[in-house]
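Trainee: The structure follows.
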Amino acid sequence: MIDPSCIRADFPILDRQINGRPLVFLDSAASSQKPVQVLDALTRIYRDSYANVHRGAYTLSQESTEAYEEARRKVARFLNAGTDEEIVFTRSATAAMNLFAYGWGLNTLKPGDRVMTSVMEHHANIVPWHIVARHTGAELVYLDLTDDFRIDLDSLGDRLDERVKIVALSGMSNVLGTMPPIGAIASVAHEVGAVVLVDGAQLVPHSPVDVRTLGADFLAFSGHKMLGPTGIGVLWGRRELLEEMEPAEGGGEMIRDVRLFESTWAPVPHKFEAGTPPFVEAIALGAAVDYLSELGMGNVLEHDRRLTAYALKRLAEIPDLSIQGPSDITDRGGTISFHIPGIHAHDIATILDEQGVAVRAGHHCAKPLMRHLGLTATARASFYVYNVEQEVDALVEALAEARRLFGLS
Ligand code: PMP
């Protein structure tokens, strides 16, 4: 079980006051805060052991190369990957999904082929497919949502056939918190021969993920939402598929040989890591993975669920407030989007900030979902390992204040 009161001491930023009030940080779905262990890893490498990786015969370069490859091994263990070669470091989840879209999609799709995704996706799992569709003549097909904000499995049955070559689906919605049954969806997708990508940007920070049982063929996520720094992401792929996949970027470090008119590629994962990789960020992500592993991802999920259940109960006390997301906590994460008729989400976020409460407001990079919900914006509170029930109470009090200011109570 997680004891956030101990954990909070590791996060110096949580001591801040905002507008004269203690910071209540409820925006970890956008980016999490960082513990001293990660901050120390960043400064340690820059201060004591910094040199470019994979290039030098000298000690410092060997040290940073070893630390970079050790970070790859840590991420592989964290995901229970078959080998550390299945871990490709990228700049972000967005870059990881773009790598898959261009490396796999651009090179395999033909006119009439289909990419299946869902209405609740983040733009990072929609826009690359628009680009791929434009280049290949493939089409997009969308899974619908049910009235209780889940993936409509009837629409999967109706639309999944051999034309679908790729199924690209979020493991946890950054707006609704919905966690679709990835294993079940992947197994029917595999029956028609589709390759399955999971957008794990929200899933991996908040839930145990074992890539050997997840059912997916590829998984993308970012370091900065799981206590790590910005500028680092991961694409995990099944070894044999990574071998088949073409690189999407060319440059230094990703080659076996370069001649005037042709080049050959380095083995996986290096053929996907052109140029100087974000190795300092990867090493610090390794420290974040150590931190989360020590807590235990099962405990992280349980903590999020307990806080989410408490928040859903408390938010239900606010008249007119509607939650955009499943009410049952068993298949949802700790991201709660809500709407109060008569107060724009941006006004909610501004008034909450005056009370020290940080929430996000807007379309959350999910415009098709917002249109589907009939809204232009929601306010969103999201939790992580350092949040406590008193912060949910502060959110509820600040929302009551917002309603008073707008003459709603
Ligand atoms: N997918 C989801 C579900 C997300 O929540 C996010 C980040 N908001 C992304 C993809 C993109 O992540 P990043 O901005 O770190 O590339």
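Trainee: Taking only pairs six or more apart or across chains, which ones have beta-carbon atoms under 9 Å, a first residue in the range 185-208 that is within 16 Å of residue 292 (Cα to Cα) and of a type in the set (Ser, Thr, Tyr), and a second residue that is part of a helix (DSSP H, G or I) and more than 10 Å from the ligand (Cβ to nearest atom)?
Mentor: Pairs found: 207/297; 207/298; 207/300; 207/301; 207/304.
Trainee: Ok, one more. From 55, 72, grab the single residue that is of a type in the set (D, E, K, R) and open to solvent by less than 20 Å² (accessible area, probe 1.4 Å).
Mentor: Just a single option satisfies the conditions, and that option is 72.
Trainee: Also, I was wondering about something else. Can you work out which of the residues in the range 293-315 that are of a type in the set (Gly, Ala, Ser) and either touching a strand residue (DSSP E or B) at 6+ places or on another chain (Cβ under 9 Å) or not in a helix (DSSP H, G or I) (or both) is surrounded by the fewest Cβ atoms within 10 Å (Cβ to Cβ)?
Mentor: 296
Trainee: Please specify each residue of the range 233-251 satisfying the condition of being part of a loop (DSSP other than H, G, I, E, B) and either open to solvent by 10 Å² or more (accessible area, probe 1.4 Å) or free of Cβ contacts under 8 Å to residues at least 60 places away in the same chain (or both).
Mentor: Listed by number, the residues that qualify are 238, 246, 247, 248, 249, 250, 251.
Trainee: I'm trying to understand the selection: among the residues of the range 332-364, which are of a type in the set (D, E, K, R), within 16 Å of the ligand (Cβ to nearest atom) and closer than 22 Å to residue 390 by Cβ?
Mentor: 360
Trainee: Another one. Out of the range 55-112, which residues are in a loop (DSSP other than H, G, I, E, B) and either of a type in the set (Phe, Trp, Tyr) or away from the ligand (no atom under 16 Å from the Cβ) (or both)?
Mentor: Result: 55, 56, 57, 58, 80, 81, 82, 83, 109, 110, 111, 112.
Trainee: Tell me, yes or no, whether the range 152-175 has at least one residue that is more than 16 Å from the ligand (Cβ to nearest atom) and under 19 Å from the mean Cα position of the chain (by Cα).
Mentor: Looking through the range 152-175, none of the residues is more than 16 Å from the ligand (Cβ to nearest atom) and under 19 Å from the mean Cα position of the chain (by Cα).
Trainee: Does residue 398 count as of a type in the set (A, V, I, L, M, F, W, C), in a helix (DSSP H, G or I), surrounded by fewer than 20 Cβ atoms within 10 Å (Cβ to Cβ) and at pLDDT 95 or above?
Mentor: Working: of a type in the set (A, V, I, L, M, F, W, C): yes; in a helix (DSSP H, G or I): yes; surrounded by fewer than 20 Cβ atoms within 10 Å (Cβ to Cβ): no; at pLDDT 95 or above: yes.
So residue 398 fails the test.
Trainee: If you don't mind, another one. Is it the case that some residue within the range 251-266 is among the acidic types (Asp, Glu), away from the ligand (no atom under 13 Å from the Cβ) and in contact with a Leu (Cβ under 7 Å, 6 or more places away or on another chain)?
Mentor: no
Trainee: Further question: Quick one: residue 95 ticks every box in (1) in contact (Cβ under 8 Å) with a residue 40 or more places away in the chain; (2) surrounded by 18 or more Cβ atoms within 10 Å (Cβ to Cβ); (3) small (Gly, Ala, Ser); (4) more than 27 Å from residue 239 (Cα to Cα) bar one, so which box is it?
Mentor: (4)
Trainee: Please determine, by comparing only the residues of the range 120-132 that are open to solvent by 20 Å² or more (accessible area, probe 1.4 Å) and more than 19 Å from residue 249 (Cβ to Cβ), which one is farthest from the ligand (Cβ to nearest atom).
Mentor: Pass one, the range 120-132, residues open to solvent by 20 Å² or more (accessible area, probe 1.4 Å): 122-123, 127, 130-131.
In the following step, the residues that additionally are more than 19 Å from residue 249 (Cβ to Cβ) were identified as 122-123, 130.
Numbers: 122: 3, 123: 8, 130: 15 Å.
Here the residue is 130.
Trainee: Can you name the residue in the range 1-50 that is assigned to a helix (DSSP H, G or I) and closer than 17 Å to residue 394 by Cβ and, of all such residues, is most open to solvent (accessible area, probe 1.4 Å)?
Mentor: Only one residue tops the list, namely 15.
Trainee: For the range 252-292, name all the residues that are assigned to a loop (DSSP other than H, G, I, E, B) and either in contact with a strand residue (DSSP E or B) (Cβ under 9 Å, 6 or more places away or on another chain) or open to solvent by less than 20 Å² (accessible area, probe 1.4 Å) (or both).
Mentor: Those that are assigned to a loop (DSSP other than H, G, I, E, B) and either in contact with a strand residue (DSSP E or B) (Cβ under 9 Å, 6 or more places away or on another chain) or open to solvent by less than 20 Å² (accessible area, probe 1.4 Å) (or both): 254, 266, 267, 268, 269, 273, 274, 277, 278.
Trainee: If a residue has to be exposed (fewer than 15 other Cβ atoms within 10 Å of the Cβ) and touching a Phe, Trp or Tyr at 6+ places or on another chain (Cβ under 6 Å) to count, how many in the range 386-395 make the cut? Full working, then the answer.
Mentor: Initial filter on the range 386-395 (exposed (fewer than 15 other Cβ atoms within 10 Å of the Cβ)): 389-390, 393.
Still in the running and touching a Phe, Trp or Tyr at 6+ places or on another chain (Cβ under 6 Å): 389.
Looking only at that region, the number is 1.
Trainee: Of the conditions (1) touching an Asp or Glu at 6+ places or on another chain (Cβ under 9 Å); (2) within 20 Å of residue 310 (Cβ to Cβ); (3) modelled with pLDDT under 95, residue 330 fails just one. Which one is it?
Mentor: Only one criterion is unmet by residue 330, namely (1).
Trainee: Does residue 212 count as away from the ligand (no atom under 16 Å from the Cβ), of a type in the set (Lys, Arg), in contact with an Asp or Glu (Cβ under 8 Å, 6 or more places away or on another chain) and within 18 Å of residue 73 (Cβ to Cβ)?
Mentor: Taking the combined requirement at face value, the residue does not satisfy it.
Trainee: Quick check: is even one residue across the range 222-232 of a type in the set (Val, Ile, Thr) and open to solvent by 30 Å² or more (accessible area, probe 1.4 Å)? Walk me through it before giving the result.
Mentor: Taking the range 222-232 as the starting set, the residues that turn out to be of a type in the set (Val, Ile, Thr) are 230, 232.
From what is left, the residues that are open to solvent by 30 Å² or more (accessible area, probe 1.4 Å) are 230.
The answer is yes, given that some residue of the range 222-232 is of a type in the set (Val, Ile, Thr) and open to solvent by 30 Å² or more (accessible area, probe 1.4 Å).
The values are calculated or read from the model by the stated rules, or taken from the named source; none is laboratory data. Just so we're clear, the structure is a prediction, and the values are computed from it rather than from any experiment. FYI the Cβ positions are ideal-geometry reconstructions off the backbone, even for glycines, and counts take in every protein chain you see. Calculation scope for accessible area: heavy atoms of the full protein, side chains included, ligands and nucleic acids excluded. Shrake-Rupley method; radii C 1.70, N 1.55, O 1.52, S 1.80 Å.
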